[in-house]
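Everything below concerns the one structure shown next.
Every number here is computed from the coordinates shown, using simple stated rules; none is lab data. Just so it is clear, the structure is predicted and the values come from calculations on it, not from any experiment. Reconstructed Cβ throughout: ideal geometry from the backbone, glycine too, with neighbour counts over all protein chains shown.
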Protein chains: 2
Amino acid sequence: MGRPREFDTDRAVHGAMEIFWRNGYVATNLPDLLNAMGLTRGSFYKAFKDKETAYLAALDRYDEAVVSKAVQALETCESDDPETCFSVLFSSSKDVRRGCFICNAMVELGPDNPSVAQKANAMAERLRKAILGVLVKRDVVGSAKNAVTTADLILHLYFGHQAIGKGGENLGDWQTHLHGLLGQN
Amino acid sequence: MGRPREFDTDRAVHGAMEIFWRNGYVATNLPDLLNAMGLTRGSFYKAFKDKETAYLAALDRYDEAVVSKAVQALETCESDDPETCFSVLFSSSKDVRRGCFICNAMVELGPDNPSVAQKANAMAERLRKAILGVLVKRDVVGSAKNAVTTADLILHLYFGHQAIGKGGENLGDWQTHLHGLLGQN
DNA sequence: GGCATTAGGAACCAATTGGTACAATACAAA
DNA sequence: TTTGTATTGTACCAATTGGTTCCTAATGCC
């Protein structure tokens, strides 16, 4: 009962994700956020409590959409070569200079917002596990402990790659990185 | 001639560096910035053009102080073990959750502010060169090209480490990372 | 058709934003 | 001591900030 929604909630959250992802939390003001979400103030504050809640929803959306897609790609990767599987993490970086939302959120709000830090950590953990899965499935590293360390290393490399990518030039050759990293184990 | 400065410029820029480093650019408002720098509005806008100029000065200060110190530590490292030398990059991370200013600046302003991006890239380049120096000096990697790649890899690892560090838990074991990375070359 | 309930949208809000104007002040040179 | 010059601090500014109010509009249920 009541008047039906005129906006698509999924689409709105997706818009929020895109602009927060690109511009960060503080640098995104309400008018721009509203525009990106395709709704007006009234609807916004009815559907979401405040700006922070919308940001957290955007993080969840990123988890469902981007992270899940990456995890799935890693899990279902058919190649025997782990580098080929990991390319999904590194290739789509130079396009829009938005980096990785997890990394952005950690850097901007990690120390001051426990909810954000927790969500970001959870997503990072999902990635870490998926990376580990690729390694153990192909038995690419000797001991199990070694695999865990290598997975963690690749995750850190990924975040560093994304961070440096936002700075512009000199992205580094991730293929050679991975090759050097995995070729000798 | 004229009334003499009552504040120490070096100390003011240092204060700006500290608060920008910890809180970022947008999240730092004028009152807090002024307080951190130990001066009032009038003096601030006489000595610096605006907030952005102060931020760029803070970046330069970071270059002179923090980056130079790290570079020097890497260059003058006496140990035969590269891991020991690199520990200067990774150890002081968990203390204040401020991360690495270069990484923070890249993530927050890299895509939108060319001056910031350029300064951040220049500092990253200095670090990269110093890391490379540690490697070649000890002949820890076979070919020169391999050394360059490994140095780049360590730099990326460093940024990722700093970014994840701001998110809190699960910092990862950088010692094992480095050991696995260098032990097999 | 009335009624309850919800969404939409504009007007409005106090607080804060970065930045400016200007008068008071403190020094050096004359 | 006067004068010129630079710094200081406060009062002030318009614009923007995130958020609220409130009236209108649109639906389902009786």
Along the charge dipole of the range B:96-157, pointing to its positive end and built from +1/-1 on Cβ of Lys, Arg, Asp and Glu, which listed residue (B:LEU135, B:LEU155, B:ALA117) has its Cα farthest out?
B:LEU135
Which of the pairs B:LYS129/B:LYS166; B:LYS69/B:LYS166; A:LYS119/B:LYS166; A:LYS51/A:LYS119; A:LYS129/A:LYS166 have their Cα atoms more than 18 Å apart in this structure?
B:LYS129/B:LYS166; B:LYS69/B:LYS166; A:LYS129/A:LYS166
Expressed as a whole number of Å, what is the distance separating the alpha-carbon centroids of the range B:107-171 and the range B:1-63?
27 Å
Specify, for chain B, the residue whose C-beta is closest to the rotation axis mapping it onto chain A, with the distance given in whole Å.
B:GLY160, 2
Which of A:THR28, A:THR150, A:THR40 fluctuates most in a GNM of chain A (C-alpha springs under 10 Å)? That residue is A:THR40
Where the label is 7 Å out from Cα toward Cβ, how close does A:SER68 come to the same position in every other copy, in nm, shortest first?
5.2
Shortest first and in nm to one decimal, what separations exist between A:MET1 and its copies in the other chains, measuring from label points 7 Å along the Cα-to-beta-carbon line?
8.2
Distances from B:SER79 to the same residue in each other copy, label points 7 Å out along Cα→Cβ, in nm, shortest first?
3.6
Compute the acute angle (0 to 90°) between the alpha-carbon long axis of helix A:144-166 and the principal axis of greatest extent of the alpha-carbon atoms of chain A; round to the nearest 10°.
50 degrees
Using a Gaussian network model of chain B whose springs link C-alpha atoms within less than 10 Å, name the residue from B:PHE20, B:PHE101, B:PHE44 with the highest mean-square fluctuation.
B:PHE44
